[in-house]
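Data block below; observations after.
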Amino acid sequence: MHVINMEHDVFKANDKLAEKNITKLDKYQVFSVNVMGAIGSGKTTLIEEAIKHLKDKYKIAVIAGDVVAEMDASRFRKLGVPTIPVNTGKECHLDAKLVEKALDKIDLNNTDLLIIENVGNLICPVDFKLGEHLRIVIVSVTEGDDIILKHPMIFKTSELAVINKVDVAHAVDVNADKMRDDILSLNPDIPVILTSKHDLESLKAWISFIELGLRRTREAQRK
Amino acid sequence: MHEFSIACEIFEQVQATALAHGATEVKHVTLQMGRLTHTNPEQLSFCFKALAEGSISENADFIVEMVPPSLECACGYMGPVDEKQIRENSELKSELLVYVAAMECPVCGKQAHMTGGRELIIKSIEIETEKDLAADSK
Ligand SMILES: [Zn+2]
């Protein structure tokens, strides 16, 4: 019998591919965001709002991850932005390889902002970087106020947290401020935004955060 | 459940390495899994076995060594997460949460940077080759 040392890190292999994706996006001066969150958290709606408000100013493309259907992709296409649906089949997350393939179908010369909607899930996407400049996690108050502490790693590893549907917090007996405190206890440096699709001011905060990230990243990419 | 895709990657790597070394059978596959990964060792082992059916890895023992998280702090501390603090936090139900809650530097108390605990490494494989078999039969 022989022992053969392999030292092959499975996640690092994905990370390396994600680095390659980022290098490509930087070359074309594209700002990419990875939007993660459970099914029903409102990812698609918040992305639609961002597209509506930013599409006249910036060229936007979307990668829409879905287990099987193309429902979300068609919602983005209706807004007139190029959309690549990525069906993961039985998988519960996007990975760098799937994004690499999708990037080949996007006209990066004509893209300023690439929005990647991950598959609805708070667990699996954590281990897989895609090649994003900004990792965003969206939760809604309807998921219950213990949702944060049940999924610590996604809040620990994201760079922006959004608590959505705060207009119905009272109805579902959830305190959105407690959710914010829980997020900050896991990750004291993370910006937290509270949103509701019925409150334009809150949507503006969400949209300006994306725009700010885009401008800052673009400045860095030009150097 | 993303164990299946990870198991695919592991299976491919193991097979390629084993065959490159002239293996007739893979006896052991040893993995190191960080405690902060969202991967379940039993499910991973199950998926691997399903994939390996009919291959030289079919009967391989799947050994998973769990790796505790480690920290690096601005104050200079480098080392594992404070086990004492974990015990104090034991009323917290999830093991993952306990580890994440303990991501403070045991020296200065500030939030420290994770340096380990999120890895999934195929550490080694143990194989049998034609030569081994010939030697055994002597
Ligand atoms: Zn310290």
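The values are calculated or read from the model by the stated rules, or taken from the named source; none is laboratory data. What you see is a predicted model, and the numbers here were worked out from it, not measured in a lab. Ideal geometry is used to build each Cβ from the backbone, glycine not excepted, and the neighbour counts take in all protein chains shown.
Applying the condition of being away from chain B (no Cβ under 14 Å) and among the hydroxyl-bearing types (Ser, Thr, Tyr) to the range A:158-216 and asking which residue is nearest to A:Leu113 (Cα to Cα) yields A:Ser208.
Test B:Ala52 against the stated conditions and say whether it is away from the ligand (no atom under 16 Å from the Cβ), crowded, with 21+ Cβ neighbours inside 10 Å and within 12 Å of chain A (Cβ to nearest Cβ). Considered against the rule, which asks whether it is away from the ligand (no atom under 16 Å from the Cβ), crowded, with 21+ Cβ neighbours inside 10 Å and within 12 Å of chain A (Cβ to nearest Cβ), B:Ala52 comes out as no.
State yes or no: is B:Leu44 under 24 Å from A:Ile154 (Cβ atoms), in contact (Cβ under 8 Å) with a residue 40 or more places away in the chain and out of contact with any helix residue (DSSP H, G or I) (no Cβ under 6 Å at 6 or more places or on another chain)? So B:Leu44 fails the test. Here A:Lys165 meets the list (1) buried (at least 22 other Cβ atoms within 10 Å of the Cβ); (2) closer than 29 Å to B:Ala7 by Cα; (3) not polar (S, T, N, Q) almost entirely, failing just condition (2). The helices (runs of 4 or more DSSP H) found entirely in the range B:28-131 that carry 3 or more residues being among the aliphatic types (A, V, I, L, M) and at pLDDT below 85 are B:95-101. I'm trying to understand the selection: among the residues of the range A:1-18, which are of a type in the set (D, E, K, R) and more than 7 Å from chain B (Cβ to nearest Cβ)? Passing the criteria: A:Lys12, A:Asp15, A:Lys16. Being more than 14 Å from chain B (Cβ to nearest Cβ), within 23 Å of A:Trp206 (Cβ to Cβ) and surrounded by fewer than 22 Cβ atoms within 10 Å (Cβ to Cβ) is a condition met by no residue of the range A:124-132.
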